[in-house]
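Engineer: Quick one: the structure is below, and I'll ask about it shortly.
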Amino acid sequence: MFKSNNIPKLYCLLAMFLVFQGCKITYIPNTFNSPLLRNRGDAQFNAWAGSSGLEAQTAVAVTDNLGLMVNGQFQQNKRTEDDVEVTEKRTLVEGAVGYTERFSDMGIFEIYAGGGVGKVPAKFRNITWDGPPDITFNRWFIQPALGFCNDWLDFSVVNRLSLVDIGPQKNWFYEPGVVGKIGYKRIRLVGCFGFSFPLRGHDQRYWDNQFVTISVGLHVNFGKRILED
C-alpha cells in the first residue's frame, strides 16, 4: 500500500538521481513545448523550472494549421574538481515550425520540426579533449504529439526524435514524454515528465545524457483561442 509519508522519500531519491547524473553528463534535454494551438491568432508563453534548468517557451499560430515556436534553456551548476570550484553552464536557443490538425472538438494532432544552437561543458569520455571547457553544439528535432484540450486542461503525449551534435560526435535520441496544463483558460500550471533514450550503444558514445526530465511552471495564453468550430 502506498503511503503519503513515502512521498518526501521519493522526491529525495529522485533529486539524488538527477544530481548524480548531473555530475557527469553533457547533454540535458529541454522541456517539451507542445502548444496545441487551436486556431489562427492563438499564442502562448511558458516559464519552466526543473531538472533541465530554467526555460522560456513561446508559440503562435500564424494560420489555423501553421504554428511557430521559440524555446530557450539555461542551467548553471557548480562542482568541485581537484579542490577547485568549477561553474558549468548549459544554454540552448531553438526554433521550429509545425502543422496542427484538429480531429475533434477537443482532440489535436501536431508535428513540429526545427533546430537550435547552444553551449555545454565539454565532458567527453574515451577520448583526449584539448579544446575549451565549454563547447558549442547543435540540435535538430522532429516532434509529433497527440493532445486533448478544453477550458480547464491541456494534455499531450509527445514523441521527439533529436539529433545532437556535440564535439567529436553526433548522437540520435528518442525522447518521449507527457505535458499537462491545468487551470482556467488563459493562466495554467504546467508540468512535464520525459525520458531521453540514446540510439547509439553506451560503449560507442563519447558523451552522456540525462535520462529523466521533470519540470513545472506557468502557462499564459495571450492570443485568440476558439474551442468550438
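Engineer: Just in segment 20-95: which trypsin sites (Lys or Arg not before Pro) are loop by DSSP and have at most 13 other Cβ atoms within 10 Å?
Structural biologist: Of the trypsin sites (Lys or Arg not before Pro), the ones in loops of segment 20-95 whose Cβ has at most 13 other Cβ atoms within 10 Å are 24.
Engineer: Over 29 Å between Cα atoms, which of 181/224; 170/224; 78/170; 78/185 qualify?
Structural biologist: 170/224; 78/185
Engineer: Protein chains only, probe 1.4 Å: how do 190, 86 rank by accessible area, largest first?
Structural biologist: Putting 190, 86 in descending order of accessible area: 86, 190.
Engineer: For the chain, what log10 I(q)/I(0) values come out of the Debye formula at q = 0.07, 0.15, 0.17, 0.18 1/Å, with one point per alpha carbon and no solvent?
Structural biologist: -0.24, -1.00, -1.21, -1.31
Engineer: Which sequence of 62, 164, 93 reflects their accessible areas, 1.4 Å probe, from the largest down?
Structural biologist: 93, 62, 164
Engineer: Extension gain residue 157-residue 45, at 0.36 nm per residue separation less the Cα-Cα distance, in nm?
Structural biologist: Contour length minus Cα-Cα distance gives 38.4 nm.
Engineer: Stretched out fully, how many nm does the piece from residue 170 to residue 93 gain, at 0.36 nm a residue minus the Cα gap?
Structural biologist: Gain on stretching residue 170 to residue 93: 25.9 nm.
Engineer: Once the other residues with Cβ under 14 Å from the Cβ of residue 131 are scored (Lys, Arg +1; Asp, Glu -1), what is the net sum?
Structural biologist: 0
Engineer: While we're on this one: Between 0 and 90 degrees, rounded to the nearest ten: what's the tilt of helix 7-22 against the longest Cα principal axis of the chain?
Structural biologist: Helix 7-22 sits roughly 60 degrees off the main axis of the chain.
The values are calculated or read from the model by the stated rules, or taken from the named source; none is laboratory data. This one's a predicted model, so the numbers in the text were calculated from it and none came from an experiment. Here Cβ is always computed from backbone atoms with ideal geometry, including for glycine, and neighbour counts include all displayed protein chains. The protein model used for the area step is the full one, side chains on, heavy atoms only, and it has no ligands, DNA or RNA in it. Shrake-Rupley method; radii C 1.70, N 1.55, O 1.52, S 1.80 Å.
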